[in-house]
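The values are calculated or read from the model by the stated rules, or taken from the named source; none is laboratory data. These numbers were taken from a predicted model, which means no experiment stands behind them. Neighbour counts are summed over all protein chains in view; Cβ atoms, including those assigned to glycine, are modelled from backbone coordinates with ideal geometry.
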């Protein structure tokens, strides 16, 4: 699941129903076919920017209202249903579980690193921090010439204003959760 397409699907359905509009009415008002609108709402289509622009204009809403994270009290994320954000076949996989939002200053990632491999992350700027929780394997993390080993069940915090490397120096897959926080 691509989170932007998912956001559009949920938001379009929510906005349409809150206005009491049918798919036919939205199609008529936006110039987007009913079948395309239905596919978008089912999260089965990846609409172009032009299509999203037509929808926003026709519904008289701001463009960001379609792509913003939908308001919700809870959300279950299963990586089996997600498309990886970054991937190097046979080396590592990164999923964005909860992306950065304007009203939240953090992101949550799931990272798997295969045995004997590493994942290098760029600097995230001043006043940024990561919290790493290892739930399978052992992580060797290097940042600013500091090397830290994080065992399964441990949590590690560090500043991420420098390039940093996640290493799996073991013979089993490493699985971890990374919470990235911007504390400006």
Test: residue in segment 23-43 that is modelled with pLDDT under 95, closer than 24 Å to residue 96 by Cβ and not in a helix (DSSP H, G or I): yes
Every residue from segment 2-24 that is surrounded by 15 or more Cβ atoms within 10 Å (Cβ to Cβ) and over 17 Å from residue 65 (Cβ atoms): 23
Filter pass, residue 88 being under 16 Å from residue 167 (Cα atoms), assigned by TED's automatic domain parsing to the domain that holds residue 175, touching a strand residue (DSSP E or B) at 6+ places or on another chain (Cβ under 6 Å) and surrounded by 13 or more Cβ atoms within 10 Å (Cβ to Cβ): no
Pick from segment 1-14, criterion touching a helix residue (DSSP H, G or I) at 6+ places or on another chain (Cβ under 6 Å) and part of a helix (DSSP H, G or I), ranking: modelled with the lowest pLDDT: 4
Residue among 83, 55, 61 that alone is within 10 Å of the chain's Cα centre (by Cα), in contact (Cβ under 8 Å) with a residue 40 or more places away in the chain and outside any strand (DSSP E or B): 83
Subset of segment 51-77 (residues that are within 13 Å of residue 3 (Cβ to Cβ) and modelled with pLDDT under 90): 68, 69, 70, 72, 75, 77
Within segment 98-114, tally of residues that are assigned to a strand (DSSP E or B) and either exposed (fewer than 11 other Cβ atoms within 10 Å of the Cβ) or in contact (Cβ under 8 Å) with a residue 40 or more places away in the chain (or both): 8
Any hit, segment 29-40, residues being in contact (Cβ under 8 Å) with a residue 24 or more places away in the chain, surrounded by fewer than 17 Cβ atoms within 10 Å (Cβ to Cβ) and closer than 28 Å to residue 94 by Cα: no
Segment 127-142, residues that are under 22 Å from residue 183 (Cα atoms) and assigned to a strand (DSSP E or B): 128, 129, 130, 131, 132, 133, 141, 142
Residue match in segment 115-122 (condition: surrounded by 16 or more Cβ atoms within 10 Å (Cβ to Cβ), in contact with a strand residue (DSSP E or B) (Cβ under 9 Å, 6 or more places away or on another chain) and not in a strand (DSSP E or B)): yes
